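The values are calculated or read from the model by the stated rules, or taken from the named source; none is laboratory data. Since the model is a prediction, treat every value here as computed from it, not as a measurement. Heads up, the Cβs are rebuilt from the backbone with ideal geometry, glycines too, and the neighbour counts pull from every protein chain shown.
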Amino acid sequence: MITLKTPREMEKMKVSGQIVAEILQILKEQIRPGITTSDLNQIAEAEAKKRRARAVFKNYPHPRGSRPFPGAICTSVNEEVVHGIPGKRILREGDIISIDFGVMVDGFAGDAAITVPVGKVEPEVEKLIRVTEEALLKGIEQAQVGNRLGQISNAIQTYVEAAGFSVVRDYVGHGIGRSMHEDPPIPNYGQALRGPTLQRGMTLAIEPMVNLGTYSVYTKGDEWTVVTRDGKHSAHFEHSVAISDQGPLILTLV
Ligand code: MG
């Protein structure tokens, strides 16, 4: 069931979203060769605590009953697509890292992700990051009252494939609100004239995951980390967005 939010509820989601964006910005500024993914996780936890925000991914239940997610943030490096677990991994010059972060504040969730280069990266990888962020914005442009959900999905896929990359099929965006994951699922691929008609008050977490090579992915033995089947790089950007009569409102901005 898709829940519609009142203007007051949207304001609350803006507060949650802003906290997510602020903390992602702080993490981005810390990314450099030598820092570990666990260091980033500790910063995220401390910054969330300062803002009285609950980091929702911490102890998030595993969909198939395995151990809950241990980190406050997901840190996915290079060929890791999503749900990478923060730990001892040291970031090196030329790596890329995707950070996904979600909080709950005053009963409402915010969720966003960024991909950041560590120092200088290969031009092809730099392009992957740029195209993924641009694809997210192409999707957001379609988040208009009266459009079909498929227009978001189709805009993302069209943009990504025109640039020569592929869109992950197995993981999708989602509605967001009083819970982190609500209806509807939001694929980053598919036909435009599909899915529910978008209405004022819908709040959507749109999150393209884009691969340099094949879109095929699998989950590693830690039961969380999703990686590309061909070992090539993947990028991920996400914003939480509200649909209004004035057009799409990005909630996860500083
Ligand atoms: Mg999300």
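Quick one: in region 59-77, which of the residues that are of a type outside the set (Gly, Ala, Ser), surrounded by fewer than 24 Cβ atoms within 10 Å (Cβ to Cβ) and within 26 Å of residue 215 (Cβ to Cβ) is nearest to the ligand (Cβ to nearest atom)?
Result: 60.
Report yes if residue 209 is farther than 28 Å from residue 67 by Cβ and crowded, with 24+ Cβ neighbours inside 10 Å, otherwise no.
For residue 209, the condition - farther than 28 Å from residue 67 by Cβ and crowded, with 24+ Cβ neighbours inside 10 Å - is not met.
Given the structure, is residue 82 over 20 Å from the mean Cα position of the chain (by Cα) and either surrounded by 18 or more Cβ atoms within 10 Å (Cβ to Cβ) or within 16 Å of residue 250 (Cβ to Cβ) (or both)?
no
Could you check region 167-188 and list, in sequence order, the residues that are loosely packed, with under 15 Cβ neighbours inside 10 Å, within 13 Å of the ligand (Cβ to nearest atom) and in contact (Cβ under 8 Å) with a residue 60 or more places away in the chain?
Within region 167-188, 179 is the sole residue that qualifies.
Given the condition touching a helix residue (DSSP H, G or I) at 6+ places or on another chain (Cβ under 6 Å), in a loop (DSSP other than H, G, I, E, B) and modelled with pLDDT of 95 or more, answer yes or no: does some residue in region 2-19 qualify? Before the answer, list the steps.
In the first step, residues of region 2-19 are kept if they are touching a helix residue (DSSP H, G or I) at 6+ places or on another chain (Cβ under 6 Å); the result is none.
No, that holds for no residue.
Do the conditions hold for residue 234, that is, is it within 16 Å of the ligand (Cβ to nearest atom), surrounded by fewer than 20 Cβ atoms within 10 Å (Cβ to Cβ), under 18 Å from the mean Cα position of the chain (by Cα) and among the small types (Gly, Ala, Ser)?
Criteria not met by residue 234.
Which of the residues that make up region 86-145 are more than 24 Å from residue 47 (Cβ to Cβ), within 16 Å of the ligand (Cβ to nearest atom) and outside any helix (DSSP H, G or I)?
Of everything in region 86-145, just one residue is more than 24 Å from residue 47 (Cβ to Cβ), within 16 Å of the ligand (Cβ to nearest atom) and outside any helix (DSSP H, G or I), namely 143.
Kindly indicate the residue of region 202-229 that is among the charged types (D, E, K, R) and touching a residue at least 24 places away in the same chain (Cβ under 8 Å) and also nearest to residue 136 (Cα to Cα) among those meeting that condition.
Checking each candidate, the answer is 207.
If residue 196 meets every condition in (1) closer than 14 Å to residue 148 by Cβ; (2) buried (at least 16 other Cβ atoms within 10 Å of the Cβ); (3) away from the ligand (no atom under 15 Å from the Cβ); (4) in contact (Cβ under 8 Å) with a residue 60 or more places away in the chain apart from one, which number is that one?
All conditions pass for residue 196, except number (2).
Name the residue, out of 151, 191, that is exposed (fewer than 15 other Cβ atoms within 10 Å of the Cβ) and either touching a residue at least 24 places away in the same chain (Cβ under 8 Å) or closer than 30 Å to residue 37 by Cα (or both).
Working: 151 fails: exposed (fewer than 15 other Cβ atoms within 10 Å of the Cβ).
Going through 151, 191 in turn, just one is exposed (fewer than 15 other Cβ atoms within 10 Å of the Cβ) and either touching a residue at least 24 places away in the same chain (Cβ under 8 Å) or closer than 30 Å to residue 37 by Cα (or both): 191.
Restricted to region 146-161, and to residues that are under 23 Å from residue 227 (Cα atoms) and hydrophobic (A, V, I, L, M, F, W, C), which residue is farthest from the ligand (Cβ to nearest atom)?
Ranking the candidates gives 160 first.
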